[in-house]
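Okay, so here's the structure we're looking at.
The values are calculated or read from the model by the stated rules, or taken from the named source; none is laboratory data. Quantities reported herein were computed from a predicted structural model and do not represent experimental measurements. Every residue, glycine as well, gets a Cβ built from its backbone with ideal geometry; the counts of neighbours run over all protein chains shown.
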Amino acid sequence: MGQSKIVTLERHIIEIERRHPGATGNFSNVLRDLSLAFKIIWREVSKAGLVNILGAAGTQNVSGDSVKKLDVFADETIFKTMDHSGHLCVMASEEHESIIAIPDQYPKGKYVLLYDPLDGSGNIDANVSIGTIFSVYRRISHQGNGTIEDILQPGYKQIAAGYVVFGSSTMLVYSTGDGVHGFTLDPSIGEFLLSHEDIKIPKRGKIYSVNEGNYKWWDNGVKRYIKHLQEEDAATSRPYASRYIGSLVADFHRNLLYGGIYLYPGDARNRNGKLRLMYENNPLAYLCEQAGGRAINGEKRILDVIPTELHQRTPLFIGSEEDVTLCEKFLREG
Ligand code: P6P
């Protein structure tokens, strides 16, 4: 049996680019540059326990999470890899309160990059999977430095989104609107190799992911829905399994491959829940829909939410189409 076809990220990007005759290749360069940043972050994440890079840097990010040094490293790595390419006009990071300008000495391009440099970083010390999430838009402004209006676009305007999950292996999962594709990093050659082509999330799963410690603050609809999943299921005569890693990228990635639903509801403490629209919910909603799933905030499609603030939060119910649709029914009934 001959070796199966080896498709590097580079080859895959070029092959998708060829499907779009008008493609200039600039956008492909954005993805290529991002993959370099991800490899550099992988190098530090994979040896985090060895070089004493762990431990809180003593500061807090705008969302109130304590910032670990790897967060800072990942944030700086993405900025330094992406700031000089001439393809971006502005960036925004979950770790920065305001938008990030492209330095004056570098040309400005037609794309906008948003990123959560290391989501789930509270798990770093416990060696639990963590991830980087990114989102790309076309600029709205015409030239020069990008503006907050270039950043605050609704999720349906995304032209690409993806994440890297640093787990038992390191995988890059992304979409540019032609389906969702997964690449596994081969550290021996430093290449992301196509391992999961055209990922489709099962129409229904048997897993739900939610922090049940928040039960007492949940709305009644959420309580009734989770209780429903815990009871005998007529179709398969067994209840759903509860799986919660506490690292969004890892929880989402498992549900994308196996099927199921991830919930971070709004509750009595915070009507908007915890997760950020621009840095977490929009990119994952884009991927989930590209894979045949759904993502809502309880009232509407995540991708249709019109953003008003850079770090605004929305509730998130995301995953298999039938699971999210049933959840939506319980939420509407209250
Ligand atoms: P909780 C990590 O801080 C994060 O943003 C996501 O990665 C994760 O799913 C969620 O928060 C966990 O939040 O409140 O359940 O600890």
task: Search region 122-142 for residues being away from the ligand (no atom under 13 Å from the Cβ) and in contact (Cβ under 8 Å) with a residue 40 or more places away in the chain, and hand back the single one that is surrounded by the fewest Cβ atoms within 10 Å (Cβ to Cβ).
output: ASN127
message: Being farther than 22 Å from LEU275 by Cβ, touching a Cys at 6+ places or on another chain (Cβ under 7 Å) and away from the ligand (no atom under 16 Å from the Cβ) is the requirement here; does GLY146 meet it?
response: yes
message: Are there helices (runs of 4 or more DSSP H) fully within region 239-334 with at least 1 residues that are within 12 Å of the ligand (Cβ to nearest atom)? List them.
response: 248-258, 282-290
message: Condition first: of a type in the set (D, E, K, R), within 13 Å of the ligand (Cβ to nearest atom), outside the structural domain of PHE134 (by TED's automatic domain parsing) and within 30 Å of LEU152 (Cα to Cα). Can you find one or more residues in region 219-236 that meet it?
response: no
- line: Looking across region 212-238 at residues that are among the small types (Gly, Ala, Ser) and in a helix (DSSP H, G or I), the single one that is surrounded by the fewest Cβ atoms within 10 Å (Cβ to Cβ) is GLY213
query: Is there any pair linking a residue in region 13-39 that is at pLDDT 95 or above to one that is exposed (fewer than 14 other Cβ atoms within 10 Å of the Cβ) and of a type outside the set (Asp, Glu), with Cβ under 7 Å and at least six apart or on different chains, and which?
result: LYS39/GLY190
- request: Answer with yes or no whether GLY246 is in contact with a Ser or Thr (Cβ under 8 Å, 6 or more places away or on another chain), closer than 18 Å to PRO315 by Cβ and outside the structural domain of VAL164 (by TED's automatic domain parsing).
  value: no
